[in-house]
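Right, one structure below, let's go through it.
Only the coordinates and a few stated rules stand behind these numbers; no lab work does. The model shown is predicted, which means the values in this text are computed figures rather than measured ones. Cβ sites come from the backbone with ideal geometry, for glycine too, and all protein chains shown count toward neighbours.
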2 protein chains.
Amino acid sequence: MPTSRSYGDACGTARALDVVGERWALLVVRELLLGPQRFTDLRRALPAASSNLVADRLRELESHGVIRRRKLPPPAGSQVYELTAWGRDLEPILLALGDWGTRGPLPPEPSSLSATSALLNLRSYARPAPEAPPATCQIELDDRAWTAEIAAGQVRITPAGPARPDASLRTDPRTLLAMLGNPGALEVAISDGRAETSGDPQVLRVLLENSAFPTG
Amino acid sequence: MPTSRSYGDACGTARALDVVGERWALLVVRELLLGPQRFTDLRRALPAASSNLVADRLRELESHGVIRRRKLPPPAGSQVYELTAWGRDLEPILLALGDWGTRGPLPPEPSSLSATSALLNLRSYARPAPEAPPATCQIELDDRAWTAEIAAGQVRITPAGPARPDASLRTDPRTLLAMLGNPGALEVAISDGRAETSGDPQVLRVLLENSAFPTG
DNA sequence: CCGCATCCGTTTCGATACTG
DNA sequence: CAGTATCGAAACGGATGCGG
C-alpha cells in the first residue's frame, strides 16, 4: 500500500518532500533521468530496494505527477516508466545533491555504484575536445547497454545500444568513474580485465580525457 | 536511537540521502538556514515532528557534519544548533526544491505554513527598489521575531529582533506570503486584524512591493 | 521471464509521558 | 528548557507466490 503521509506544511520544500521525500523515491527518479525504464530495469538498478517498495514508489510518483506509465508500441509491448516534464525538472536538483554528497566528509565506504550514477557523472563531467568529430559509443555496465553520443564538446546518454557504434566499452560503474580525468586508467583496467573495448580507441580517449571530475 | 540505515550506494546522490534523506532531516536544515536555533525553537517551527524525532535528527546531522552544536556565551548559556559550511551548501538545493514543490500540480491543501518558509520566500522574491534607502524592519511571526535588513535591492534576514527597527510588522506566515507581490494585501490584512504594523509605513511598502513571487 | 501482490519479521515513526 | 523513555502504528526489507 502506497505511503500517504504528509508533512502538513504548505511550504514548497515540505510539499516537494511529500512527493519525493519517501525512502528510495529520489533514487527511482534518478534512474529515470537517462530515459524510460521498465520495472525490471529499475529493480536491477536498485537491487537493495525490495520489489514492493519499487512498485509502491512508482505508484506514488505516478499519482503525484512525477512519472508516467507508458506502453511501448508493438512489437515490444512492454511497459515503461518515464519522467513527466515536472519530474524532469528534478534533474538539476538531483545533480546538485549528488555533488553535495560527494563533497561530504563521509568515509568512502566500500559499496556498490549504480550504473546510472556513473553515467550521469560521465555526462556531467566529460569534456570531450570540442573540435573532435562527432562519434557514437556503446557503454555496457552491469549487463545493460547505453549509447553515448559525443558532439560539440558535449555528451548525450540514452538507453539501449546503438546499431553500429564507433567504439564500445564494457566495464563496471566504479571503473568507469575512475577513468574520468584519469588518462591511463583505461589501459590499466583493460590489462586488469576490468574493461573490454572494441572499435576506434581514439573515440574512447576523447570521451574520457580532459574530464572535470572533482578528484578527492 | 538515531537511524543508521544506508542505501549502500557510492553514488553522490545516495550518499547525500544517507545524510539528509531521513524523514524531517531536510526540514530541520531548512529551519537553520536563517541562523542558529535552539531545540525549543526547532520544535515550535516543526510542531508536527515529535521531540525524539527532532533530537534524533539533530544527533544524526551533527554526527554527519551537517550541523554543529554550540554553547552560547554567557549570560545566555543556552545551546544552539547551527549549520556547518557543508550544511549551508544545501541552501540552494533546498530553495530549488521549494520552487519545484510549489510548481507541482498538487492541490493546495489547507495546512500550516512555517515561518522560516515564509521568510525564505520573502528573502528570495522580495525586490526592494535598489534606490530605496537602507532600512531595518522587525518581523514577528508565530510569536518569534526576525530582522529584515533592506539594502541595495537585497533583503537579509536574521533571527531575533533589532533594537530599534525603522518599521515593524506582526502577522502570520501565510498572510506575509500573500503580501508578496500583492500591493494592497497589507492594508487589507491590517483592517482584517491579521496584521499589525508600526513605524515607517514606507519601509514595509519597499519590502513587500515589486516582488517576483510566482503567482499561480 | 516480467510485473507485480502477499505475507511476515524488523525498524522507524509519532504521540504521550516523564526526567534532569 | 532540553531533551529521554515507552509503546502502538506504520513503513521497510526480504522471501515467496502467481497470473500473463
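Going by how many other Cβ atoms sit within 10 Å of their own, how do B:93, B:157 line up, fewest first?
Arranged by neighbour count, lowest to highest, B:93, B:157 become B:157, B:93.
When B:91, A:31 are ordered from fewest to most other Cβ atoms inside 10 Å of their Cβ, what list results?
B:91, A:31
Could you work out the pair-distance distribution P(r) of the protein assembly as shown from its alpha-carbon pairs, with 20 angstrom bin width and percents rounded to whole numbers?
With 20 Å bins starting at 0, P(r) equals 23, 48, 25, 3.
What FRET efficiency, computed as 1/(1 + (r/R0)^6) with R0 = 35 Å and r the Cβ-Cβ distance, is obtained for residue B:187 and residue B:39, rounded to the nearest 0.05?
The calculated FRET efficiency here is 0.35.
What distance in nm lies between label points placed 7 Å from Cα along the C-beta direction at residue A:151 and residue B:89?
With each label point 7 Å from Cα toward Cβ, the separation is 3.4 nm.
With just the Cα atoms defining each centre, how far is the range B:45-99 from the range B:150-211? Give it in Å.
Answer, in whole Å: 27.
For the pair residue A:62/residue A:143, report the inter-label distance in nm, with labels modelled 7 Å from Cα in the Cβ direction.
Label at residue A:62, label at residue A:143, 2.6 nm between them.
Ordered shortest first, which distances in nm separate the 7 Å Cα→C-beta label point of residue B:145 from those of the other copies?
6.9
Positive end of the charge dipole of chain A (Lys, Arg +1 and Asp, Glu -1 on Cβ, about the Cα centre): tell me which of A:107, A:199, A:21 has its Cα farthest that way.
My answer, from the dipole projection, is A:21.
If each residue's Cβ is checked for other Cβ atoms within 10 Å, how do A:15, B:205 rank with the fewest at the top?
Ordered from fewest to most neighbouring Cβ atoms within 10 Å, A:15, B:205 come out as B:205, A:15.
If a/c stays under 1.5 just call it rounded; otherwise compare a/b with b/c (prolate if a/b is bigger, oblate if not). Do that for chain B, with a ≥ b ≥ c from the square roots of the Cα gyration tensor eigenvalues.
In terms of gyration-tensor shape, prolate.
Note down, for the range A:115-208, the three equivalent ellipsoid semi-axes (square root of 5 times each alpha carbon gyration tensor eigenvalue), biggest first, whole angstrom.
After scaling each eigenvalue by five and taking roots: 17, 15, 13 Å.
Quick check on chain B: helices-only [θ] at 222 nm, where DSSP H runs of length 4 and up contribute -39,500 (n - 2.57) each and the sum goes over total residues. Nearest 500, please.
Rounded to the nearest 500, the figure is -11500 deg cm²/dmol.
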